[in-house]
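Down below is the structure, laid out as structure tokens.
The values are calculated or read from the model by the stated rules, or taken from the named source; none is laboratory data. Bear in mind that the values here come from a model prediction, so they are computed numbers and not experimental data. Positions of Cβ are generated from backbone atoms using ideal geometry, with glycine treated the same way; all protein chains shown enter the neighbour counts. In case anyone asks, the SASA skips ligands and DNA or RNA and just uses the protein heavy atoms, side chains included. Shrake-Rupley method; radii C 1.70, N 1.55, O 1.52, S 1.80 Å.
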Amino acid sequence: MTGQLKMALFLGALSAIPPLSIDGYISAFPLIGRDFNAADAEVQLSLTAMLLGLACGQFFIGPLSDIYGRKKPLIFSLTAFILASIGCALTNDIIHFIALRFVQGLAGSGGVVISRAIAYDNYKGHVLTQFVALLMVITNVAPIMAPVIGGQIIALFSWHAIFLFLALCGLLLSIYTLTTRESLPVELRQQSNFSNIFSGFAALFKNPPYLACLAVHCLVMGGLFSYISASPFILQLLYGLTPVQFSLMFAFNGFGMIIAAKTSAHFVMRFDERTQLKATVLIYTACAAVLAAASVFNMLPLWLIMLAFFMLTACISICECNSFSLAMQQIASGAGSAAGFLGIVAFLFGSVMPPLMSLGSNVSVLPLAAITFATGIIALAAFRWIPISD
């Protein structure tokens with residue numbers, strides 16, 4: 001196994017913590033609501049809490065990894081993730097469950113931001129784009145496997161066992177982390193004080209190209225979180241899919257995300273990141289428009305909504321890879337802060353999506369279609385500030 005592949009497998013596993021924590025339990029939404037005697041909106045709040053935790057955690061973990069190195073903050077966050085996952089499995093109250101999901105997201109943020117910072121420590125330019133694409137291929141195995149694993153765990157045990165499985169994953173990653181080398185040398189670390197943390201974030205606000213890439217990244221990721229939040233209820237309550245059938249559909253779309261990321265990496269030397277990103281956002285927006293029109297005119301057979309979901313998720317995969325790489329190429333230092341800020345804004349924005357998806361008394365495709373279309377239009381407007389490659 002090559003060093004690059006070994007590193008990609010490890011960083012991909014760290015990046016997979018959020019999709020494992022999210023996609024592994026979404027097929028159990030109706031069951032969780034029943035066991036806690038909670039409304040659909042309350043169950044969706046557990047997803048919002050997870051996303052808020054992921055956002056808040058990256059506000060600190062990214063800068064702290066620039067100060068203390070990548071390894072120590074990562075070990076701490078993985079340990080907290082293990083404890084929160086066990087707590088989610090043992091609680092019997094929806095309020096406690098939502099609170100623990102927030103802590104789980106807070107802790108899980110370390111895997112997201114530090115894996116990206118480590119990638120930046122080791123690679124630059126088009127090589128970084130290709131490595132991030134490889135990372136996403138590995139990471140996107142999680143959306144494929146997580147719902148299938150979750151569905152099988154539910155069938156054999158209960159949804160509580162999903163969180164014990166997550167705790168086990170965190171334990172294995174923490175053990176392996178202890179064997180890895182530190183990727184940020186002491187001489188490249190930032191000074192240890194909070195003013196530097198805030199000044200690092202402040203510097204990002206003075207970087208319009210970075211902010212434009214951030215906007216595109218976060219808007220399209222908002223579409224992903226809308227899909228994740230709404231699709232279990234749409235496909236299980238409107239179309240009658242079982243949890244296992246839904247998990248298989250979700251896994252198939254995850255496979256599409258892998259193919260899309262791999263294809264993007266293959267063509268990056270021919271079509272630069274900006275070109276790929278803009279073309280993909282256009283397709284994403286057009287797909288959302290078709291979904292919205294079909295919803296308005298009540299012409300949504302199952303095959304059409306499945307195709308639309310597949311296209312949307314494939315586009316999101318390409319956008320995520322290229323927007324991240326483009327954003328990181330706009331900075332000269334402070335990779336932890338820059339990667340962390342991408343995650344902060346993306347997850348904060350994404351945390352708003354589940355409540356929006358639950359508006360109204362009836363389950364409908366229209367809110368999902370409207371949100372994805374709106375995010376696509378606004379993302380296209382941001383391209384005027386993203387520089388064209390020389």
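For the stretch 159-292, a crude dipole built from +1 on the beta carbon of Lys and Arg and -1 on the beta carbon of Asp and Glu, taken about the Cα centre, is about 180 debye to the nearest 20. Using a probe radius of 1.4 angstrom, the carbon and sulfur fraction of the accessible surface of the chain is 71%. With every protein chain in place and a 1.4 angstrom probe, the accessible-area ranking of Leu326, Leu211, largest first, reads Leu211, Leu326.
When you count the other C-beta atoms within 10 angstrom of each residue and take the mean per peptide, 225-234, 271-280, 365-374 line up highest first as 225-234, 365-374, 271-280. Hydrodynamic radius of the stretch 283-390 by the Kirkwood approach over all distinct alpha-carbon pairs: 15.8 Å. Of the listed values [x] 128; [y] 145; [z] 156, identify the label whose number matches volume of the Cα convex hull per residue in Å³ calculated from this model. Step by step, volume of the Cα convex hull per residue in Å³ for this structure corresponds to label [x]. The residues of the stretch 12-143 expose on average 31 square angstrom of accessible surface per residue, using a 1.4 Å probe on protein heavy atoms. For the stretch 41-111, the orientation-averaged shadow of the C-alpha convex hull comes to 4.2 nm² (one quarter of the hull surface).
A Förster radius of 45 Å, combined with the Cβ-Cβ distance separating Ala279 from Ala203, puts the computed FRET efficiency at roughly 0.90. If the viscosity is 0.890 mPa s and the temperature 25 °C, what translational diffusion coefficient in µm²/s does Stokes-Einstein give for the stretch 4-86 when Rh comes from Kirkwood over Cα pairs? D = 167 µm²/s. Among the lysines of the chain, pairs at least eight places apart or on separate chains and with Cα atoms under 22 Å apart come to 9. Each Lys and Arg adds +1 at its Cβ and each Asp and Glu adds -1 at its Cβ; summed about the Cα centre, the chain shows a dipole of about 580 debye.
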